[in-house]
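Handing you a structure now.
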Amino acid sequence: MSVSQMSVVRSTEQLGKAVLDHTESWGRSWLFLFRTILAFFVPPFRLRLLLIQLYQIGVNSTVVVALIGLFTGAVLAVQAEYTLSKFGATAFTGSAVALSLIRELGPVLTALMVIGRAGSAITAEIGIMRITEQIDALRSMAVDPMKYLMVPRFIAGLIAMPLLTAIFICIGIGGGYVVGVGLLDLSSGTFLSQMTHAVGLVDVYSGIIKSIVFGFIFGWVSCYKGYTCGFGAVGVNKATTQSVVTSSVAVLVVDYFLTSILTRVLM
Amino acid sequence: MISVRNVSKRFGEQVVLQDVSLEIEPGLTTTIVGPSGVGKSVLLKLIMGIMTPEKGEVLIDGESITRARTEREKNRIRKHLGVLFQSAALFDSLSVYDNIAFPLIERGGYTREEVNERANKLITALSLRKHAQHFPEEISIGLRKRVGMARALITEPDVILFDEPNTGLDPLVGQEVYDLIKHCQDDWNFTGVVISHELPEVFQVSDKVVMLLHAQVIAEGTPQEFMDSANPEVQQFLHGRTDGPIKIQ
């Protein structure tokens with residue numbers, strides 16, 4: 001076999017291995033999700049653990065989400081006013097701010113913030129529990145780690161994400177209002193009336209559905225990456241990075257498809 | 001009490017255990033020794049049912065944990081077992097008291113008073129009273145081992161598995177852990193399985209010694225029989241010599 005043929009064989013081997021590894025990992029992640037969902041329906045139901053996770057994911061993320069919401073709303077007002085002024089339509093600034101926040105930026109930016117703050121923490125925590133044998137200890141004590149560790153985090157993500165999104169949107173609209181009316185001299189009445197006129201329930205439903213789906217992605221990826229964490233500090237480091245990158249990319253990709261589907265279904 | 005029957009386990013191309021069989025007799029402490037990476041901890045995980053062998057099975061009190069089809073069934077069999085992990089594997093977010101009470105609370109069927117009574121009895125017996133409200137990061141490794149021991153004992157299991165109880169400890173703390181094992185076995189009368197490569201110190205808690213090498217059991221007997229063994233691999237390992245049939249990889 002010539003050198004070039006050997007090189008082709010080696011490249012094909014490597015490609016095959018990479019495909020197999022990814023397929024296996026993909027299959028494992030679905031199996032993990034299936035086991036987590038199954039564990040949810042098996043008693044005992046641990047309300048205390050769920051409340052702890054709601055506090056960790058939800059309450060502890062509130063300030064940062066509110067802050068980002070405030071400035072996102074503010075910058076949206078400036079950008080919308082600038083763009084709309086070119087068409088003599090600054091009256092629609094309130095509608096533009098509210099629709100952008102409710103339909104798109106609220107769910108997406110909240111998800112990205114929560115992934116960065118709480119998702120990485122969940123992955124690191126579960127990963128460290130994995131490498132210090134705490135997960136093995138749970139199993140040896142006849143405690144299902146899926147039930148004890150994953151289910152509360154998963155459910156807390158599903159509950160907290162829409163609530164945090166709502167906070168983001170409300171504060172964002174407030175930020176947009178302050179900048180639009182206070183600094184850009186837009187009429188308060190026009191800002192609010194155009195906003196309430198333009199925003200319908202379908203827009204709110206769209207935002208809620210997106211945030212629930214993003215909460216699902218957040219819980220799934222961050223728990224799975226922690227549970228399958230590799231050895232030592234490097235393993236935890238890698239798992240945490242992968243968790244944030246994978247869930248952020250997944251949120252943005254799923255967002256496109258969800259927007260396309262929801263726009264057709266709900267409108 | 002525990003029967004390991006023709007168990008084989010491999011990771012990729014590497015064969016870790018090949019047709020390993022051994023009997024762990026009730027009331028006695030069996031120590032499994034061997035160089036690092038020989039499959040001792042894997043064997044322990046197979047006994048716990050958190051790994052599955054390619055071949056063979058592990059029976060605990062006559063029931064196969066290997067063939068148990070559901071996690072629920074495995075959990076029922078695991079109730080015979082308590083484990084003291086190498087790093088103690090305490091839960092960081094729980095206090096010493098909560099770590100000790102944890103298995104009983106999770107198992108269910110006990111009143112708060114019963115849990116308190118059992119936990120306090122162990123806290124007193126293992127001299128942990130003044131550390132009961134501390135968190136694992138606030139106490140020494142020796143104390144953590146004691147907490148791990150109390151956690152393993154609280155469900156009053158028939159068998160306690162010790163995964164390298166002395167690795168990484170200084171000689172004084174190491175001896176304290178051996179004394180703890182002896183003391184607890186006298187009081188609670190469990191069957192012990194100890195994984196170790198600390199020779200000959202570990203013999204003080206051993207009734208039987210099994211040596212693993214080349215993925216197989218190469219020697220077994222009482223500590224005295226083990227020390228008197230004519231097997232050159234046993235003698236090389238026992239005396240920690242680098243020259244001999246065992247090659248360091």
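I need the full set of residues from region B:50-60 which are surrounded by 15 or more Cβ atoms within 10 Å (Cβ to Cβ), away from chain A (no Cβ under 14 Å) and assigned to a loop (DSSP other than H, G, I, E, B), in order please.
B:P53
Out of (1) within 14 Å of another protein chain (Cβ to nearest Cβ); (2) free of Cβ contacts under 8 Å to residues at least 40 places away in the same chain; (3) not basic (K, R), what's the single condition that is false for A:Y148?
(2)
Additional query: Determine if region B:103-115 includes at least one residue that is more than 8 Å from every other protein chain (Cβ to nearest Cβ), of a type in the set (D, E, K, R) and under 17 Å from A:Y148 (Cβ atoms). Write out each step before concluding.
To start, the set of residues in region B:103-115 that are more than 8 Å from every other protein chain (Cβ to nearest Cβ) comprises B:104-105, B:109-115.
Checking which are of a type in the set (D, E, K, R) leaves us with B:112-114.
Keeping just the survivors that are under 17 Å from A:Y148 (Cβ atoms) gives none.
No, every residue in region B:103-115 fails to be more than 8 Å from every other protein chain (Cβ to nearest Cβ), of a type in the set (D, E, K, R) and under 17 Å from A:Y148 (Cβ atoms).
Going through A:Y82, A:Y55 one at a time, which residue ends up being free of Cβ contacts under 8 Å to residues at least 40 places away in the same chain, under 26 Å from A:F168 (Cα atoms), within 14 Å of another protein chain (Cβ to nearest Cβ) and in a helix (DSSP H, G or I)?
On the way: A:Y82 fails: within 14 Å of another protein chain (Cβ to nearest Cβ).
The match here is A:Y55.
If you scan region B:134-188, which residues turn out to be assigned to a loop (DSSP other than H, G, I, E, B), within 14 Å of chain A (Cβ to nearest Cβ) and open to solvent by 70 Å² or more (accessible area, probe 1.4 Å)?
B:F135, B:E156, B:G168
Moving on. Every residue in region B:92-119 that is open to solvent by less than 70 Å² (accessible area, probe 1.4 Å) and among the small types (G, A, S), please.
Within region B:92-119, B:S95, B:A101, B:G108, B:A119 qualify.
What pairs come up if the first residue lies in region A:102-122 and is among the polar types (S, T, N, Q), the second is open to solvent by less than 40 Å² (accessible area, probe 1.4 Å), and their beta carbons are under 7 Å apart, counting only those six or more places apart or on different chains?
Within 7 Å, the pairs are A:T110/A:V65; A:T110/A:M161; A:T110/A:L164; A:T110/A:T165; A:T110/A:F168; A:T110/A:S211; A:S120/A:T240; A:S120/A:S243.
Here's a follow-up. Out of the residues in region B:66-91 meeting the condition of being facing another protein chain (nearest Cβ under 8 Å) and assigned to a loop (DSSP other than H, G, I, E, B), tell me which one is most open to solvent (accessible area, probe 1.4 Å).
Selected residue: B:K79.
Restricting the search to region A:204-219, which residues are surrounded by 19 or more Cβ atoms within 10 Å (Cβ to Cβ) and over 10 Å from the mean Cα position of the chain (by Cα)?
A:S206, A:G207
I would also like to ask the following. I want to confirm something. Restricting to region A:247-265 and keeping residues that are among the aliphatic types (A, V, I, L, M) and modelled with pLDDT of 95 or more, which single residue is least open to solvent (accessible area, probe 1.4 Å)?
Quick first cut of region A:247-265, residues among the aliphatic types (A, V, I, L, M) only: A:249-254, A:258, A:261-262, A:265.
Next, only the ones that are modelled with pLDDT of 95 or more stay: A:249-254.
On the way: A:V249: 82, A:A250: 28, A:V251: 0, A:L252: 91, A:V253: 72, A:V254: 46 Å².
Among those residues, the one meeting the criterion is A:V251.
Within region A:4-27, is there a residue that is of a type in the set (F, W, Y), surrounded by 17 or more Cβ atoms within 10 Å (Cβ to Cβ), assigned to a helix (DSSP H, G or I) and out of contact with any Pro (no Cβ under 7 Å at 6 or more places or on another chain)? Working first, answer last.
Taking region A:4-27 first, the residues of a type in the set (F, W, Y) are A:26.
Next, from what is left, pick out any that are surrounded by 17 or more Cβ atoms within 10 Å (Cβ to Cβ): none.
No, region A:4-27 has no match at all.
Checking the conditions here, which among A:V204, A:V221 is in a helix (DSSP H, G or I), hydrophobic (A, V, I, L, M, F, W, C) and under 26 Å from A:E81 (Cβ atoms)?
Values: A:V221 fails: under 26 Å from A:E81 (Cβ atoms).
Just one listed residue meets the conditions, A:V204.
I'd like the full set of residues that are open to solvent by 30 Å² or more (accessible area, probe 1.4 Å) and not in a helix (DSSP H, G or I), limited to region A:224-240.
A:T228, A:G230, A:F231
The values are calculated or read from the model by the stated rules, or taken from the named source; none is laboratory data. Keep in mind the model is a prediction, meaning the values are calculated, not measured. Positions of Cβ are generated from backbone atoms using ideal geometry, with glycine treated the same way; all protein chains shown enter the neighbour counts. Surface areas here come from the heavy atoms of the whole protein model, side chains and all, with no ligands, DNA or RNA. Shrake-Rupley method; radii C 1.70, N 1.55, O 1.52, S 1.80 Å.
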